[in-house]
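The values are calculated or read from the model by the stated rules, or taken from the named source; none is laboratory data. Just so it is clear, the model here is predicted, and its values are computed rather than measured. We place every Cβ from the backbone using ideal geometry, glycine too, and count neighbours over all the protein chains shown. SASA here: full protein model, heavy atoms, side chains in, ligands and nucleic acids out. Shrake-Rupley method; radii C 1.70, N 1.55, O 1.52, S 1.80 Å.
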Amino acid sequence: MVVKTPKVSEVIALPRQQLHHSHEYKQVVIGLQGQTEFDVDGRGSLVGPGQGCLVEESHEHAFTGVGRNEILVINLPYQEWVGHASMHDNIARLFSREPYFQLDTHAQMLIKALTAEMIANPSDLLLSRACADTLMCVLHRHFRDHVSPRRDGHRLNMDIIDRYIHQHISRKITVAQLAGSVFLAESQFHQLFKEQVGTTPHQYVLEKRFALAKQLIKESELTMAQIADSCGFSSQSGFTNAFSRYFGLSPAKFKGSV
């Protein structure tokens, strides 16, 4: 379905059932609370606080909320920016990058302050427009200050990547999210990661999950179901099967051997 143009900026929660639509304007989505799942042009990713995605006009996209969630939506219909050449340029540059991104702490603080005003005054359309203008400036400055470095001679900061994995290990982690944590395009990140680490990002995250699982089996009183959930597996059976394939013995047998 095609939807009509809503307010320029608004804070909303997404329903738990999956919906999909397209619209005749660009859109920026930024996670504020909880998680939402987006699929833009066949590329899916979870969007949590401080993360976001870019949706081009007329592109079909699917979305769903994961439990309690809240997102900031900035709608960018062409007619809203007529006569603002610099804003047109900023929007064009913003949408020339990868669709999923991660914001730094400073940008998140500014966005939090602006959205607090919007939530307190939901019917103020002038405030909605003013916040949209300011938010676009925040995003422009954020990405200007975090230009993706050239591939030649560049090494990934594994401390940042490991910290991101540690903070989100109980959830689904996509390559797009890992790339966004170090401000790189997904394709560039994937190639650099494999060259530097010697394995794929997916395999690296899986090894981190297994390392945590072994630690919890050894040192905690958690049930296998709780351990599976803590390590980001969708079910206990899925965890048991993956663990058994990787180590050659089940989690229960591993527990009995330590």
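Find the accessible area per residue for the chain; the probe is 1.4 Å, ligands and nucleic acids are left out, and the unit is Å².
Working: 13550 Å² over 258 residues.
Here the per-residue accessible area is 53 Å².
Do the sum for the chain: with -39,500 (n - 2.57) for every DSSP H run of n ≥ 4, divided by all residues, what is the mean residue ellipticity at 222 nm, to the nearest 500 deg cm²/dmol? Don't skip to the end; give the middle numbers.
Details: 10 runs with 122 residues, N = 258.
That calculation yields -14500 deg cm²/dmol at 222 nm.
So between GLN17 and ASP124, what do we pick up on full extension, going 0.36 nm a residue minus the alpha carbon distance? Spell out each step's value before the answer.
Working: separation 107, 0.36 × 107 = 38.52 nm, distance 2.94 nm.
Contour length minus the Cα-Cα distance gives 35.6 nm.
Hey, what did segment 163-258 get for relative contact order, percent, Cα under 8 Å, at least 6 apart? All intermediate terms of the calculation are to be shown ahead of the outcome.
On the way: 74 pairs, mean separation 22.8, N = 96.
The value is 24 percent.
Mind giving me the FRET efficiency for HIS106 and GLU57? R0 is 25 Å, r the Cβ-Cβ distance, nearest 0.05 is fine. Present the calculation step by step, with values, prior to reporting the outcome.
Values: r = 29 Å, r/R0 = 1.17.
Efficiency, rounded to the nearest 0.05: 0.30.
To one decimal place, what orientation-averaged projected area in nm² is obtained for the convex hull of the Cα set of segment 129-232?
On the way: hull surface 35.4 nm².
In nm², the orientation-averaged hull projection of segment 129-232 is 8.8.
I'd like the Karplus ³J(HN,Hα) series for segment 100-114: coefficients 6.51, -1.76, 1.60, θ = phi - 60°, whole numbers in Hz, and an x wherever there's a Gly or Pro.
With coefficients 6.51, -1.76 and 1.60, one gets 10, 8, 10, 8, 7, 4, 5, 4, 5, 5, 5, 5, 4, 5, 5 Hz.
Taking the Cα centre of segment 188-258 as origin and charging only Cβ (+1 Lys, Arg; -1 Asp, Glu), how large is the dipole, in debye to the nearest 20? All intermediate terms of the calculation are to be shown ahead of the outcome.
On the way: 8 positive and 5 negative charges, 37 e Å.
Using only the charged Cβ atoms, the result is roughly 180 debye.
Loop only by DSSP, 12 or fewer other Cβ within 10 Å of the Cβ. Give me the trypsin sites (Lys or Arg not before Pro) in segment 1-78 that pass, ordered by residue number. Working shown, then result.
Numbers: sites: LYS4, LYS7, ARG16, LYS26, ARG43, ARG68; in loops: LYS4, LYS7, ARG16.
When the trypsin sites (Lys or Arg not before Pro) of segment 1-78 are filtered for loop state and at most 12 Cβ neighbours within 10 Å, LYS4, ARG16 remain.
Using only alpha carbons, build the gyration tensor for the chain and give me the equivalent ellipsoid semi-axes, biggest first, whole Å. Could the numbers behind the result be given before it?
Details: eigenvalues 280, 90, 50 Å².
They are 37, 21, 16 Å, listed from largest to smallest.
I need the calculated FRET efficiency for the pair SER96 and ASP159, taking r as the beta carbon distance and R₀ as 35 Å, to the nearest 0.05.
On the way: r = 29 Å, r/R0 = 0.82.
Efficiency at R0 = 35 Å is approximately 0.75.
What's the local net charge at HIS166, with K and R +1, D and E -1, over the other residues with C-beta under 12 Å away? Let's see the in-between values first.
On the way: positive: ARG163, ARG171, LYS208, ARG209; negative: ASP159, ASP162.
Computed value for this residue: +2.
Using the alpha carbons of segment 162-217, what is the convex hull volume per residue in cubic angstrom, as a whole number? Each step should come with its number before you reach the end.
Numbers: hull volume 4.1 nm³, N = 56.
Spelled out: Cα convex hull of segment 162-217, divided by residues, is 74 Å³.
Once you keep just the Cα pairs under 8 angstrom separated by 6 or more residues, what percentage relative contact order results for the chain? Don't skip to the end; give the middle numbers.
Values: 391 pairs, mean separation 40.0, N = 258.
Across the chain, relative contact order equals 16 percent.
In segment 166-249, which GluC sites (Glu not before Pro) fall in coil by DSSP and have 12 or fewer other Cβ atoms within 10 Å?
On the way: sites: GLU186, GLU195, GLU207, GLU219, GLU221; in loops: GLU221.
Here the GluC sites (Glu not before Pro) that fit, given the DSSP loop and packing criteria, are GLU221.
With only Lys, Arg, Asp and Glu charged, each at its Cβ (+1 for the first two, -1 for the last two), find how big the charge dipole of the chain is about the Cα centre; round to the nearest 20 debye. If you can, show how the numbers build up before the last one.
On the way: 26 positive and 26 negative charges, 180 e Å.
Dipole magnitude for the chain comes out near 860 debye.
Under a straight-distance cross-link criterion of Cα-Cα below 24 Å, which lysines are reachable from LYS26, leaving out those fewer than 8 residues away in the same chain?
Those lysines meeting the cut-off are LYS4, LYS7, LYS112.
I'd like the Karplus ³J(HN,Hα) series for segment 14-26: coefficients 6.51, -1.76, 1.60, θ = phi - 60°, whole numbers in Hz, and an x wherever there's a Gly or Pro.
9, x, 6, 7, 6, 10, 8, 6, 9, 8, 8, 7, 6
Taking θ = phi - 60°, what integer Hz values does the Karplus form 6.51 cos²θ - 1.76 cosθ + 1.60 yield along segment 160-168, in sequence order, with x for Gly and Pro?
Each residue's phi maps through the Karplus curve to give 5, 5, 5, 5, 4, 4, 4, 6, 10 Hz.
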